[in-house]
Protein chains: 2
Amino acid sequence: MVTIKDIAKAAGVSVTTVSRALNGYDDVNEDTRQKIKDIAQGLGYSPNMAARSLISKKTKTLGLLLSNVTRASSKDNIAFEILCGMNDRAGELDYDLVLFSTTPQKQKIKSYKTLCQERGVDGVIIMGIRLDDAYLKEVVSSQIPCVLIDIPLEGPNVGYVTSDNVGGAYRAVSYLLEAGHRKIGVVNGHSQADVSVQRLKGYKQALERFGIPFDESLVMDGSFSEAGAKEAVYRLLAQQPDITALFCISDLMALGALQAVRGLGLQVPGQVSVVGFDNIDVTAYCSPALTTVNQNKYEMGYQAAQMLIDLLEGRKVSHRLVLDTELIIRESVSAR
Amino acid sequence: MVTIKDIAKAAGVSVTTVSRALNGYDDVNEDTRQKIKDIAQGLGYSPNMAARSLISKKTKTLGLLLSNVTRASSKDNIAFEILCGMNDRAGELDYDLVLFSTTPQKQKIKSYKTLCQERGVDGVIIMGIRLDDAYLKEVVSSQIPCVLIDIPLEGPNVGYVTSDNVGGAYRAVSYLLEAGHRKIGVVNGHSQADVSVQRLKGYKQALERFGIPFDESLVMDGSFSEAGAKEAVYRLLAQQPDITALFCISDLMALGALQAVRGLGLQVPGQVSVVGFDNIDVTAYCSPALTTVNQNKYEMGYQAAQMLIDLLEGRKVSHRLVLDTELIIRESVSAR
DNA sequence: AAGGTTATCCGAAACGTTTCGGAAAACGGC
DNA sequence: GCCGTTTTCCGAAACGTTTCGGATAACCTT
């Protein structure tokens with residue numbers, strides 16, 4: 001390994017000068033700087049990050065805390081797209097991304113702070129975490145800069161980015177209402193996810209606009225899973241056979257809903273219309289192609305990384321970013 | 001930040017003893033060790049990785065080099081599933097995973113070695129790289145341990161894991177042949193991917209078993225993309241209208257093939273049967289559901305991480321791992 | 001009681017970098 | 001030729017850890 005010392009020797013200057021030359025300080029002669037740079041280049045020098053961050057206390061790495069992201073959830077590639085966005089922006093700004101996935105079991109052992117310190121990350125992006133997760137409380141109180149995905153929490157070192165869930169749901173449900181549907185079932189996630197409450201809020205707002213009272217019994221949790229949604233829809237349609245449309249809080253659950261509806265011998269969209277949320281890739285290929293609400297997942301990741309780095313580098317910046325959503329109309333809704 | 005020094009002071013011993021106590025050396029009294037451990041715990045100590053790796057020259061991190069993985073390719077979540085497997089195994093063995101995605105443009109600037117040194121990774125897993133990529137040559141010659149995904153390259157510090165591509169293709173094509181198909185088009189990737197040549201080999205072997213001569217003109221490259229495959233199939237079917245089945249080297253391309261076939265007003269599988277490769281999630285939902293060859297993507301990642309760590313820690317281990325594939329029969333093939 | 005062994009501890013150097021405080025040399029003004 | 005300023009450089013300390021080579025004291029062995 002070639003060090004700054006080797007360069008210093010080769011150039012006949014001190015290590016201080018090499019360091020300052022390479023780091024662009026202005027108290028070094030341009031000729032000297034060029035000479036040093038040439039030598040560094042010739043020797044194939046690359047700085048030792050460990051030594052550097054030992055001094056600077058910065059590692060130039062961002063942690064990505066994926067709670068509960070297992071192979072099972074890989075079907076909805078939301079996490080991956082967000083990750084791509086993060087990775088791209090981090091790369092552009094010369095930060096590294098290190099993954100650490102935790103399981104509820106692991107979390108008992110190591111505190112959030114310990115985890116971050118040990119990995120030596122400057123800041124963290126957290127996604128897929130439940131609102132009642134113990135980590136969440138630690139986050140706000142800890143000093144480590146952090147941005148959350150889809151969790152509305154702000155603090156001096158905490159920000160978040162999310163989609164316009166209310167608006168998206170509002171538009172999706174309005175679309176159903178405009179198509180003549182009046183009894184619209186909701187397949188919700190679970191209460192410990194902010195998107196669940198936001199999207200339900202959008203549902204209610206749309207109902208209100210059409211003067212339709214909200215009926216609690218039309219809402220059922222599907223726990224964000226395909227199987228969970230399937231079962232929820234079976235129960236929902238058994239209790240309320242006159243439901244003509246289903247608003248599913250996530251596409252994965254919409255897929256489960258599709259199966260359930262068909263399992264009951266009903267047609268989609270002929271007898272029951274279905275709309276989802278997320279616009280995951282499968283929705284364009286399944287049959288019928290799913291009408292859904294697009295979220296800009298890549299952008300979420302991209303902006304999350306941007307926000308975190310802004311936080312890290314002490315820039316004044318909004319700690320809250322809500323991205324637009326868009327209704328994607330396909331074939332799973334028919335007029336009534 | 002609480003350091004080893006603080007612990008030493010609190011415990012009334014030297015930093016040496018603290019270090020040795022915490023690292024399980026046996027030349028420290030058990031009582032002393034326990035006392036030190038308690039103090040460390042109480043103070044919330046966590047070791048400074050930078051300092052540690054400055055000395056040890058190990059970072060306990062694995063690099064993941066994703067060449068050309070963009071948001072576009074997120075549709076086939078293969079990369080993500082592999083990543084999940086890698087991340088899990090790395091986590092189990094107490095390694096971190098850092099991502100660095102490169103673009104051909106970036107590669108010009110930094111050499112493979114520089115990149116790895118700078119990021120300070122102990123070893124690298126590389127995937128999605130083309131056979132003619134300049135990095136590849138560097139890899140074998142470099143000293144940095146490395147495992148490749150789907151690229152058969154071995155060396156003292158280099159290993160790879162891949163799927164049984166020949167066998168998978170053989171079974172898929174045999175299945176078509178057994179269904180009575182005799183003129184089977186191939187939508188290949190491009191020549192700079194090993195899977196392309198392996199899967200084509202399997203195709204040829206199956207043909208041979210049935211005594212059918214290989215016809216070069218039945219093969220067309222689709223460049224691993226949906227759009228590329230679509231165009232390839234248009235051309236293929238225009239030239240050879242009596243093709244009754246298509247073997248697509250990847251599911252993404254099979255999806256494109258589906259569109260092309262339908263675009264020509266033909267039925268799948270009624271008039272043209274289609275089989276894919278990979279078993280990506282969409283294949284179970286698209287219509288018709290795609291018959292394809294499953295590769296165990298998660299396992300690939302898992303084993304790749306295992307192999308790399310074995311390499312790093314100097315264990316004697318096979319530098320070559322080929323995972324089984326399995327034919328998944330769905331609805332896109334009919335008998336003839 | 002001398003010599004040898006074992007158990008337990010420690011001082012100091014080393015890893016590669018940044019940075020603080022200064023110092024030498026060159027220059028300008030008068 | 002003196003003084004102040006600017007330019008360009010450097011020595012040494014510091015970051016937190018590991019590790020080498022001992023050192024001390026207690027315990028055996030004969």
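The values are calculated or read from the model by the stated rules, or taken from the named source; none is laboratory data. From a predicted model like this one, the values you see are computed outputs, not experimental measurements. Here the Cβ is made from the backbone with ideal geometry for all residues, glycine too, and neighbour counts use every protein chain on show. Only protein heavy atoms, including side chains, enter the accessible area calculation; ligands, DNA and RNA are left aside. Shrake-Rupley method; radii C 1.70, N 1.55, O 1.52, S 1.80 Å.
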Q) List, please: which pairs have Cβ atoms under 7 Å, are six or more places apart or on different chains, and start with a residue in the range B:1-18 that is under 18 Å from B:Gly44 (Cβ atoms) and end with one that is acidic (Asp, Glu) and more than 8 Å from DNA strand C (Cβ to nearest atom)? A) none
Q: Among what's in the range A:1-41 and is more than 7 Å from DNA strand C (Cβ to nearest atom) and under 24 Å from B:Val121 (Cβ atoms), pick the residue that is surrounded by the most Cβ atoms within 10 Å (Cβ to Cβ).
A: A:Ile7
Q. On the given criteria, is B:Gly128 within 24 Å of B:Arg89 (Cα to Cα) and surrounded by 18 or more Cβ atoms within 10 Å (Cβ to Cβ)?
A. yes
Q | Among the candidates A:Ala21, A:Ala72, A:Ala79, residue that is at pLDDT 95 or above and not basic (Lys, Arg) | A | A:Ala21
Q.
Among the residues of the range A:287-336, what is the count of those that are closer than 21 Å to A:Ser273 by Cβ and open to solvent by 60 Å² or more (accessible area, probe 1.4 Å)?
A. 6
(Q) So, restricting to helices (runs of 4 or more DSSP H) that lie completely within the range B:1-95, which ones have at least 2 residues that are polar (S, T, N, Q) and more than 33 Å from the chain's Cα centre (by Cα)? (A) B:15-22, B:30-43
Q | Single match in B:Ala304, B:Ala284 (criterion: more than 9 Å from every other protein chain (Cβ to nearest Cβ) and touching a residue at least 24 places away in the same chain (Cβ under 8 Å)) | A | B:Ala304
Q) If you scan the range B:1-17, which residues turn out to be more than 9 Å from DNA strand D (Cβ to nearest atom) and out of contact with any Ser or Thr (no Cβ under 7 Å at 6 or more places or on another chain)? A) B:Lys9, B:Ala10, B:Ala11, B:Gly12
Q.
Tell me whether the range A:34-49 contains one or more residues that are within 13 Å of DNA strand D (Cβ to nearest atom) and farther than 24 Å from B:Ser111 by Cα.
A. no
Q) Can you tell me which of A:Asp94, A:Asp132 is within 14 Å of chain B (Cβ to nearest Cβ) and at pLDDT below 95? A) A:Asp94
Q | Near pairs, Cβ below 8 angstrom, 6+ apart or cross-chain, from the range A:176-189 (closer than 12 Å to A:Phe210 by Cα) to any residue that is β-branched (Val, Ile, Thr) and open to solvent by 30 Å² or more (accessible area, probe 1.4 Å) | A | A:Leu177/A:Ile212; A:Arg182/A:Ile212
**Q.** Filter pass, B:Gly63 being surrounded by 12 or more Cβ atoms within 10 Å (Cβ to Cβ) and more than 11 Å from DNA strand D (Cβ to nearest atom)
**A.** yes
